[in-house]
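Q: Can you keep this structure in mind? I'll have questions shortly.
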Amino acid sequence: MKSSLAALSSQLGELMLRDQQRMRRRLQGARKVHNPEAVEAITREIEAEIATAMQRVNSRRAACPAISYPENLPVSQKKQDLYNAIRDNQVVIVAGETGSGKTTQLPKICLELGRGVKGLIGHTQPRRLAARTVANRIADELDTSLGGCVGYKVRFNDQVGENTLVKLMTDGILLAEIQQDRLLMQYDTLIIDEAHERSLNIDFILGICGSYCQSALI
């Protein structure tokens, strides 16, 4: 039965990050059980849970719409360079003029990389109006309804669905979520927009993200 648990463990990398963490704990607990019948029953339960989690990933992957880029935007013209940089590096700093398309096109590049499936693409804005406006804009460019592939969360308003891949929010919302989800397991990518404004919220977020990056390298 240990071999069955090992086989199930090998499937965890295909699950959403939050499910990986939860199922890893379940498998660790199962390995401490010595009664063969109990182990077999637990293994069947875990197998069913992993199958359900796999379906969740497949559903999210299928929810990703076709992606296109406005040709007139500078970011669109540098799309391949940005694609390669995001793919090959843990942290990428993107600087460009206002109106270059950073805010709306970077999430789409992340989607094209397969991000957003195993965890949300979190995209912070310093103000609530900006979060709503950007979410509407990206949803419009992807020809999808708000709250579907693209959603937003601000104070008193949560437009994030089960299959949302890109989540716009204020930086304050992200900080509040860290209190409940210290490792931010619901996200596989974070885009911190307007980081140059250097507000207290952004400084906190950058510091926390920096500590995560250092931990990942150890």
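No value in this document is a laboratory result; all are computed from the given coordinates. Since the model is a prediction, treat every value here as computed from it, not as a measurement. Reconstructed Cβ throughout: ideal geometry from the backbone, glycine too, with neighbour counts over all protein chains shown.
Q: According to the Kirkwood expression over distinct Cα-Cα pairs, how big is the hydrodynamic radius of region 2-63, in Å? Each step should come with its number before you reach the end.
A: Values: mean 1/r = 0.0839 Å⁻¹.
That comes to 11.9 Å for region 2-63.
Q: So, one more: Using Cβ counts within 10 Å as a stand-in for footprinting exposure, how do Tyr69, Tyr152 rank, fewest first? Display every interim value, and only then the final one.
A: Numbers: Tyr69 17, Tyr152 29.
Going from least to most buried by this count: Tyr69, Tyr152.
Q: Fully extended, how many nm does the chain gain between Arg61 and Arg22 (0.36 nm per residue separation, minus their Cα-Cα distance)?
A: Between Arg61 and Arg22, full extension yields an extra 12.0 nm.
Q: Further question: Between Glu112 and Asn136, what is the label-point separation in nm under the 7 Å Cα-to-beta-carbon projection?
A: 2.6 nm
Q: Using a Gaussian network model on the chain with a 10 Å cutoff between Cα atoms, which of Ile42, Ile93, Ile202 fluctuates the most?
A: The residue that fluctuates most here is Ile93.
Q: Sort 71-84, 112-125 by packing, meaning the average of other beta carbons within 10 Å per residue, with the highest value first.
A: Result, highest mean first: 112-125, 71-84.
Q: Where does the Debye-calculated log10 I(q)/I(0) of the chain sit at q = 0.07, 0.08, 0.18 Å⁻¹, using only Cα point scatterers of equal weight, no solvent?
A: Listed by q, the Debye log ratios stand at -0.26, -0.33, -1.32.
Q: Among Gln20, His34, Ala6, flag the residue with its Cα farthest along the positive direction of the charge dipole of region 2-63, charges on Cβ as +1 for Lys/Arg and -1 for Asp/Glu.
A: Gln20
Q: Express the C-alpha Rg of region 89-218 as a ratio against the empirical globular expectation 2.2 N^0.38 Å, rounded to two decimals.
A: My calculation over the Cα atoms of region 89-218 gives 0.99.
Q: How compact and how long is region 1-126, expressed as Rg and Dmax of its alpha-carbon atoms in Å?
A: Over region 1-126's Cα set, Rg and Dmax evaluate to 20.1, 65 Å.
Q: Something else: Quick check for me: using +1 on Lys/Arg Cβ and -1 on Asp/Glu Cβ, what's the dipole size of region 74-217 about its Cα centre, in debye to the nearest 20?
A: The dipole magnitude comes to about 80 debye.
Q: Can I ask one more? Name the long-range amide H neighbours of Leu120: under 5 Å, sequence gap of 5 or more, or other chain; modelled H, no Pro or chain starts.
A: Correct list: Tyr187, Asp188.
Q: Next question. 7 Å from Cα along Cα→Cβ at both Ala85 and Asn72: what's the point-to-point distance in nm?
A: Taking the two extended label points, one gets 2.4 nm.
Q: Roughly how tilted is helix 17-31, in degrees to the nearest 10 and between 0 and 90, from the longest Cα axis of the chain?
A: Around 10 degrees separate the two axes.
Q: Of the residues Thr52, Thr43, Thr98, which exhibits the maximal mean-square fluctuation in a Gaussian network model of the chain defined by a 10 Å Cα contact cut-off?
A: The residue with the greatest mean-square fluctuation here is Thr98.
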